[in-house]
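Peer 1: Before I ask anything, here is the structure I am working with.
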Amino acid sequence: MFMPGEAANSLWIERYRPKEFSEIQGQQHIIKRLEAFVKNKNIPHCIFSGPAGVGKTSVSLLIAKKFHGENWHQNFLELNASDQRGIDTVRTIIKDFCRTKSIGTDLPKLIFLDEADALTKEAQHSLRRMMEQYSETSRFLISCNYSSKIIDPIQSRCAIFRFKPLEREDIKQILLYVAKNEKLDIDADALESMIDVSEGDARKAENILQSCASLGKHITKKHVFEIASAAEPKEVIDVLTLALHKDFQKARSKLLDVMTNHGLSGIDIIKQIHKEIWNLPLTDREKVNLIEKCGETEFRMVEGSDEYVQLEAFLAFLTVVKEEL
Ligand SMILES: Nc1ncnc2c1ncn2[C@@H]1O[C@H](COP(=O)(O)OP(=O)(O)OP(=O)(O)O)[C@@H](O)[C@H]1O
Ligand SMILES: [Mg+2]
């Protein structure tokens with residue numbers, strides 16, 4: 001969500017990535033254990049599961065830096081499981097990396113595998129084999145949104161850490177810290193609104209703050225709503241209304257417009273729809289039915305079903321929701 005024209009390295013989510021374990025807000029149950037692993041120079045394979053923007057990648061980078069000290073770069077490999085080049089490339093890179101001993105130390109190398117729930121079952125089995133094969137020389141840190149999507153044989157080889165959405169107070173501390181450093185003046189109600197819209201996601205909070213700050217050093221509630229509504233278009237209401245009036249074709253083309261204009265994924269849209277359902281002119285029963293359908297649609301998308309098919313099915317359901325009762 002950063003403004004065009006800014007260098008990527010000035011993204012605040014990178015500038016304010018915690019550099020010490022003590023700078024991580026919340027997740028205290030996790031941090032204590034990880035610090036002990038690092039201190040004892042004994043790290044198991046780990047799974048970090050949890051929602052976006054709560055510190056999974058930050059913690060992994062910290063482990064690498066604290067574990068390997070100044071050599072950390074050479075002994076740390078960061079990979080994204082949803083790498084466009086496919087699992088074969090990922091496998092080759094891991095093999096090449098693991099084949100040699102750590103540089104300048106006897107400690108195992110660390111491989112950080114992001115978005116591991118994007119891996120197919122077969123790819124996960126091959127990952128499991130690599131974990132066995134290279135367990136002498138390497139440890140895997142596996143990050144995912146849902147640990148249930150990781151196959152049992154991997155889960156049973158790992159210590160599992162469940163990250164939680166950050167508390168309001170944690171997000172507040174993060175925002176205040178950034179604001180102080182960037183010399184921003186945030187109205188009290190603007191701060192509360194930012195905490196509301198970020199929904200426990202520190203990345204979202206910092207991105208919204210950065211976008212607001214590009215409008216000026218004094219941040220008001222109005223700014224926050226302007227920025228947040230760009231990411232959460234109110235046009236979604238129009239799509240729902242069209243579908244409720246049984247104008248399926250228009251609803252569908254409007255939906256495509258919203259998605260392409262705002263660059264939103266199916267999951268973004270269904271979450272937005274979910275928020276708007278209570279504002280629709282429907283009975284409570286009808287709303288409850290829709291909420292249930294929303295849940296089903298979201299689940300199917302997360303499971304990998306085509307998002308357009310799912311969204312259209314949802315719109316189709318909307319056109320009949322009133323008749324069904
Ligand atoms: N617990 C936290 N304490 C302080 N800052 C945080 C915390 N979690 C996230 N942040 C901020 O948000 C940014 C993004 O966090 P991070 O990359 O660790 O999220 P993540 O959990 O890996 O998310 P994703 O699942 O989307 O990869 C960090 O650079 C940092 O600025
Ligand atoms: Mg991450």
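Peer 1: Go through the range 116-125 residue by residue and turn each phi into a ³J(HN,Hα) via Karplus (6.51, -1.76, 1.60, θ = phi - 60°); whole Hz please, and just put x for glycine and proline.
Peer 2: Ordered by residue, 3J(HN,Hα) equals 5, 6, 7, 6, 5, 4, 4, 4, 5, 5 Hz.
Peer 1: Mind checking the dipole of the range 187-278: about its Cα centre, +1 per Lys or Arg Cβ, -1 per Asp or Glu Cβ, Debye to the nearest 20?
Peer 2: 280 debye
Peer 1: Here's another thing I want to ask about it. Mind checking the angle between helix 248-262 and the chain's longest principal axis? C-alpha axes, 0 to 90 degrees, to the nearest 10.
Peer 2: 40 degrees
Peer 1: What residues have an amide H closer than 5 Å to that of Phe112, excluding those fewer than 5 places away on the same chain, when H is modeled at 1.01 Å from N in the peptide plane?
Peer 2: Leu77, Glu78, Leu79, Leu141
Peer 1: Taking a virtual spin label 7 Å from the Cα of Thr319 along the C-beta vector, which residues in the range 250-272 bring their backbone nitrogen under 15 Å of it?
Peer 2: Label zone hits: 250-256.
Peer 1: Another question, if that's okay. Quick check: the angle from helix 87-99's long axis to the longest principal axis of the chain, C-alpha only, nearest 10 degrees?
Peer 2: Around 20 degrees separate the two axes.
Peer 1: Report, ordered by chain and residue number, the aspartates and glutamates lying within cross-link reach of Lys254, taken as a straight Cα distance under 18 Å and ignoring same-chain residues fewer than 8 apart.
Peer 2: Candidates past the 8-residue exclusion: Glu232, Glu235, Asp238, Asp268, Glu276, Glu307, Glu312.
Peer 1: Right, another one. Lys and Arg at +1, Asp and Glu at -1: add these up for the other residues within a Cβ distance under 10 Å of Asn75 and post the number.
Peer 2: Local charge sum for Asn75: +2.
Peer 1: Could I have the simple spin-label model distance between Glu70 and Asp185, label points 7 Å from Cα toward Cβ, reported in nm to one decimal?
Peer 2: According to this spin-label approximation, the distance is 4.5 nm.
Peer 1: Could you tell me which of the pairs Lys149/Lys250; Lys149/Lys204; Lys250/Lys271 are separated by over 31 angstrom between their Cα atoms in the structure shown?
Peer 2: Too far apart for the 31 Å limit: Lys149/Lys250.
Peer 1: Let me have the 222 nm mean residue ellipticity of the chain computed from DSSP H runs of 4+ only, each contributing -39500 (n - 2.57), with the sum over all residues rounded to the nearest 500.
Peer 2: -17000 deg cm²/dmol
Peer 1: Angle between the Cα long axis of helix 168-181 and the longest principal axis of the chain, 0 to 90 degrees, nearest 10?
Peer 2: Tilt of helix 168-181: around 80 degrees.
Peer 1: Tell me, Ile24, Ile151 in order of fewest to most beta-carbon neighbours within 10 Å?
Peer 2: Sorted ascending by nearby Cβ count, the order is Ile151, Ile24.
Peer 1: Can you list the residues, at least 5 places off or on another chain, whose amide H is less than 5 Å from the amide H of Ser138, using H built in the peptide plane?
Peer 2: For Ser138, the qualifying residues are Lys109.
None of the figures in this text is laboratory data; all of them are computed from the coordinates on show. What you see is a predicted model, and the numbers here were worked out from it, not measured in a lab. Here Cβ is always computed from backbone atoms with ideal geometry, including for glycine, and neighbour counts include all displayed protein chains.
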